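The values are calculated or read from the model by the stated rules, or taken from the named source; none is laboratory data. Remember, predicted model here, so these are calculated numbers, not experimental data. Methodologically, a virtual Cβ is constructed for each residue, glycine included, from the backbone with ideal geometry; neighbour enumeration extends over all protein chains shown.
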Amino acid sequence: MTDYELIRSKRRSLELRVLEDGRVQVRAPQQAPLRMVQAFVASRSQWIAAQQERQAQRPRQRWHDGAAFVLRGKTLSLDVSEGATRVFVSGGYLTVRVGDSDQESIVKMAVQNWLRKQARAAFEDSIERQFDWFAAEGFSRPVLRVKSMRTRWGSLSARGYINLNLALLHYPPKALDYVVMHELCHLIHMNHGPGFHALMDARMPDWRQRKNLLDQPCYQP
């Protein structure tokens, strides 16, 4: 039997998560019987094993001078040295200037803050380029929220927010556009039924190939 952490809340359904370190979490309604939770975990054992293997194969990001850093699908080298804090791309390098360049935690914080600014601009651009059709159908543009999410690339809330994972900035722009289109299609179909897939086929015929880009290993913080 798979070991897992059980988290009960006011939710209505069971949810399974495999975290970056391979630990398994199950989120369940307050009154869900334990045997139901155990059966749910047992039924997903192969999926859990596959996700744990995938997480184990992911390279972990290092934050020192010369370390590899993937940005929008291209591998750069970190150029880390001391100076007034700033981060920028120069040729094949991500140049990082911080007060103490020997402290990886400080380098990481500087890069992550820079990434959030880059992500907001890139994500807004993707939404802007793809929203016209949905606007013509009478929908309001959802408000962007950039998040660090462990198990999802994106989500669309009923309150009018489109949540996109900061980690998408590591992948090629085609992958980002796929996730944005996926979430925008949920404006019309809130599930993943035939209607949703038909709309995805119509709006982005090559979405399956784009989705495959997200299966490639990528450095994670």
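Tell me the residue from A122, A175, A158 that is in a helix (DSSP H, G or I), in the same structural domain as T75 (by TED's automatic domain parsing) and surrounded by fewer than 20 Cβ atoms within 10 Å (Cβ to Cβ), please.
On inspection, the qualifying residue turns out to be A122.
Quick one: in region 15-33, which of the residues that are under 17 Å from R150 (Cβ atoms) and either of a type in the set (S, T, Y) or in a loop (DSSP other than H, G, I, E, B) (or both) is modelled with the highest pLDDT? Within region 15-33, the match that is modelled with the highest pLDDT is R23. In a residue-by-residue description of region 185-194, the property of being of a type in the set (S, T, N, Q) and either under 14 Å from the mean Cα position of the chain (by Cα) or under 30 Å from A68 (Cα atoms) (or both) applies to no position.
Among the residues of region 34-50, not a single one is over 27 Å from R145 (Cβ atoms) and in contact with a helix residue (DSSP H, G or I) (Cβ under 6 Å, 6 or more places away or on another chain).
Within the set R27, R62, R72, the sole residue that is assigned by TED's automatic domain parsing to the domain that holds L166, surrounded by 12 or more Cβ atoms within 10 Å (Cβ to Cβ) and under 27 Å from V179 (Cα atoms) turns out to be R72. Look at region 131-146 and say how many of its residues are surrounded by 15 or more Cβ atoms within 10 Å (Cβ to Cβ) and either in contact with a strand residue (DSSP E or B) (Cβ under 8 Å, 6 or more places away or on another chain) or hydroxyl-bearing (S, T, Y) (or both). So the count comes out to 3.
Could we say that V111 is assigned by TED's automatic domain parsing to the domain that holds R145, of a type outside the set (S, T, N, Q), surrounded by 14 or more Cβ atoms within 10 Å (Cβ to Cβ) and assigned to a strand (DSSP E or B) here? Judged against the criteria, V111 is not a match.
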